[in-house]
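Report on the structure given below.
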Amino acid sequence: MTQRNSSRNGDKALAQAADLHRAGKLEQAEKAYRRILRRRPSDARALYFLGIAVHQRRRPKEAVRHFRAALKGDANNPEMYRHLGLALKDAGQTAAAEGAYRDALAVAPNSPEILANLATVLKAQDRHGEALEALERAVSLAPDSAAILTARGHALRETGHLDEAEAMHRRALSQRPDHAPSLTGLSAALWRKGRDDEAAQAAREAIALAPRLAQAHLMLGNALRRLKQPQEAMEAFQAATEVAPDDPTPRVGLAEAAQDAGALEAALQAGRRALALQPAAESLHTVHGQTLYALRAAGSPEKARQEAAAWLSAYPDSPTARHLAPALMNASPPERASDHYVRVTFDAFAESFDDRLGALDYAGPTLVEDLLRTARPEGVDALLDLGCGTGLVGPVLRPLAQRLDGLDLSPRMLARAAEQNLYDALHEADAEAFLANVHEAWDIIIATDVLIYLGALEPLVTAVAAALRPEGLFIATTEEAGGESWELQPSGRYRHSGRYLREVLEVAGLIVERLDTVVLRHEGERPVEALAVVARRASCLFIGQSR
């Protein structure tokens with residue numbers, strides 16, 4: 001056989017394999033590509049198509065090998081670099097994926113699709129500004145592409161630019177009214193803005209166009225849940241699980257909607273399945289723990305105890321299980337949340353934290369500003385924002401402090417706070433350990449929603465008192481308990497009685513100037529009552545002087 005005939009036969013075999021691939025017969029296509037490669041092991045196109053096939057069959061690490069081998073024979077093919085980046089991203093190698101996308105852009109600098117892919121891995125590395133820039137450039141190159149416009153809409157929503165996100169999704173729909181991903185993105189933006197009826201309608205329109213779009217079913221479930229339609233929300237989340245059986249997110253939504261509906265057995269099953277799919281996701285453990293507390297509250301303490309023991313046994317390294325399970329097992333709850341628990345909890349919610357609080361009508365920043373301006377209208381020299389998170393109260397603190405420090409345990413929260421450029425310094429540390437190394441350093445220490453992760457408050461309050469300058473103020477909030485001291489809630493947060501809070505402060509040498517009951521946020525339609533305290537350190541600190 002001549003070389004030309006051999007090449008012609010090879011092209012025919014590759015075309016036949018590609019036909020199988022396009023028909024969705026991935027296993028047969030993979031075998032066909034491998035037969036070609038046994039005869040021609042360096043065939044770049046066969047390696048490339050094999051890489052796509054095995055990636056589609058959820059073997060991204062193997063796909064990476066094939067794409068890299070293909071690039072040895074076709075080093076100037078931007079699509080090969082792009083698919084290498086996609087496989088690396090799915091293999092969890094985001095930095096390497098970024099490198100692949102940048103290699104692709106070196107060959108095809110004006111590809112909007114590659115720029116959109118690059119933005120995805122930049123977001124995964126918390127480089128949101130760079131991601132938005134990449135997507136802005138992609139939009140300039142493809143201003144009529146609904147897919148590119150939608151990608152930018154997603155990025156805008158994730159960074160809290162909700163009005164711009166809504167406008168971007170509507171612009172995409174003006175180009176393609178039948179583009180289901182754009183409708184789903186619009187639904188997500190509307191939901192974040194609290195426009196749940198409109199969000200549900202957009203999600204329904206997306207489902208009508210693309211019944212197997214899992215995200216549309218998920219958004220419908222989210223909207224229906226907030227509209228107090230838990231049974232309908234359960235149906236939407238169940239539909240999402242059927243379309244995306246390996247994605248734990250719809251199962252979490254199903255568990256939460258089932259809790260709302262009182263269908264606790266369904267909530268248990270959904271929670272177990274979600275944890276089996278993603279055992280290291282602490283947000284999933286939190287939802288499962290809430291189901292167990294609901295089970296106990298519903299009059300089944302023994303079943304809750306057994307489930308908690310099984311949960312802790314199955315996931316002994318989960319900080320959430322270690323935090324929530326003991327009380328369900330009739331043991332004493334921990335005196336404080338562990339550093340690991342707080343860190344992983346807030347790292348998981350860093351991207352959506354501000355939006356979540358906004359949806360709860362969170363009054364923390366306004367409350368702190370009122371207390372601070374009343375107590376020190378002229379401002380202060382040095383202020384510490386303890387548990388600063390994403391810097392949510394930073395904008396109200398900055399005008400009142402010559403120097404503003406922030407402290408938090410979560411590096412991802414601190415990264416978001418740094419984007420605001422409001423703080424003179426940000427510290428990643430445990431509050432008690434950090435304050436133990438400083439003395440009379442601040443005029444005011446703010447602790448908004450910090451005490452809710454501590455049961456026993458004595459160690460922190462003592463450290464705060466020593467870190468305040470004479471006449472300095474401690475301003476803090478905590479959820480209010482009806483008992484004598486403190487208690488752990490199903491949410492994993494603690495609450496404290498006013499009597500206990502006053503006693504701890506006075507024993508530490510802090511004079512309580514205000515102790516008010518306030519509404520800090522709403523959960524559902526229920527106001528969450530909290531205590532807001534302003535305590536002053538005397539000129540001379542005498543620990544325990546109130547006794």
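Worth pointing out:
- Filter result for ALA314 (surrounded by 13 or more Cβ atoms within 10 Å (Cβ to Cβ) and modelled with pLDDT of 95 or more): yes
- Filter result for ALA433 (part of a helix (DSSP H, G or I), small (Gly, Ala, Ser), touching a helix residue (DSSP H, G or I) at 6+ places or on another chain (Cβ under 9 Å) and more than 27 Å from GLU378 (Cα to Cα)): yes
- Among the residues making up region 372-416, those that are under 22 Å from SER338 (Cβ atoms) and of a type in the set (Gly, Ala, Ser) are GLY387, GLY389, GLY406, SER410, ALA415.
- Any pair with Cβ under 6 angstrom, 6 or more apart, that starts in region 120-133 at a residue that is buried (at least 20 other Cβ atoms within 10 Å of the Cβ) and ends at one that is of a type in the set (Asp, Glu): VAL121/GLU98; LEU122/GLU130
- Pairs meeting the criteria (first residue in region 420-437 and more than 14 Å from LEU386 (Cβ to Cβ), second residue of a type in the set (D, E, K, R) and modelled with pLDDT under 90, beta carbons under 8 Å, at least 6 apart or on different chains) are lacking.
- Residue in region 144-160 that is farthest from THR390 (Cα to Cα), counting only those that are polar (S, T, N, Q) and modelled with pLDDT of 95 or more: SER145
Every residue, every condition in (1) within 25 Å of GLY299 (Cβ to Cβ); (2) touching a Ser or Thr at 6+ places or on another chain (Cβ under 7 Å); (3) of a type outside the set (S, T, N, Q); (4) surrounded by 24 or more Cβ atoms within 10 Å (Cβ to Cβ), yes or no:
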{"position": "ASP246", "(1), (2), (3), (4)": "no, no, yes, no"}
{"position": "ALA255", "(1), (2), (3), (4)": "yes, yes, yes, yes"}
{"position": "LEU264", "(1), (2), (3), (4)": "yes, yes, yes, no"}
{"position": "ALA280", "(1), (2), (3), (4)": "no, no, yes, no"}
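- Hey, LEU141 touching a Ser or Thr at 6+ places or on another chain (Cβ under 9 Å), buried (at least 19 other Cβ atoms within 10 Å of the Cβ), farther than 30 Å from PRO411 by Cα and not aromatic (Phe, Trp, Tyr) or not: no
- Matching residues, region 403-415, being more than 21 Å from ASP370 (Cβ to Cβ) and either within 26 Å of the chain's Cα centre (by Cα) or of a type outside the set (Lys, Arg) (or both): ASP405, LEU407, ASP408, LEU409, SER410, PRO411, ARG412, MET413, LEU414, ALA415
- Close Cβ contacts (under 8 Å, 6 or more residues apart or on different chains) running from residues in region 17-30 that are free of Cβ contacts under 8 Å to residues at least 60 places away in the same chain to residues that are outside any helix (DSSP H, G or I) and charged (D, E, K, R) comprise LEU26/ARG57; GLU27/ARG57; GLU30/ARG57.
- Inspection of region 243-261 finds no residue satisfying the criterion of being in contact (Cβ under 8 Å) with a residue 60 or more places away in the chain, charged (D, E, K, R) and under 28 Å from ASP339 (Cα atoms).
- The lone criterion from (1) at pLDDT 85 or above; (2) surrounded by fewer than 22 Cβ atoms within 10 Å (Cβ to Cβ); (3) polar (S, T, N, Q) left unmet by ASN330 is number (1).
- Any hit, region 437-453, residues being in a helix (DSSP H, G or I), within 24 Å of ARG376 (Cα to Cα) and either touching a helix residue (DSSP H, G or I) at 6+ places or on another chain (Cβ under 8 Å) or modelled with pLDDT of 95 or more (or both): yes
- Residues that are in a helix (DSSP H, G or I) and surrounded by fewer than 24 Cβ atoms within 10 Å (Cβ to Cβ), drawn from region 195-206: ASP196, ASP197, GLU198, GLN201, ARG204, GLU205
Okay, residues lined up against (1) crowded, with 17+ Cβ neighbours inside 10 Å; (2) modelled with pLDDT of 90 or more:
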residue: ASP408; (1), (2): yes, yes
residue: ARG412; (1), (2): yes, no
residue: ASP424; (1), (2): no, yes
residue: GLU428; (1), (2): no, yes
residue: ALA431; (1), (2): yes, yes
residue: LEU435; (1), (2): yes, yes
residue: ALA466; (1), (2): yes, yes
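- Residue in region 455-467 that is assigned to a strand (DSSP E or B) and within 31 Å of the chain's Cα centre (by Cα) present: no
- Flag if ARG152 is over 24 Å from ARG226 (Cα atoms) and surrounded by fewer than 21 Cβ atoms within 10 Å (Cβ to Cβ): no
- Residues that are small (Gly, Ala, Ser) and buried (at least 20 other Cβ atoms within 10 Å of the Cβ), drawn from region 78-112: GLY85, ALA87, ALA97, ALA100, ALA104, SER111
The values are calculated or read from the model by the stated rules, or taken from the named source; none is laboratory data. Keep in mind the model is a prediction, meaning the values are calculated, not measured. Because the Cβ atoms are built from the backbone with ideal geometry, glycine has one as well, and the counts that use them run over all protein chains shown.
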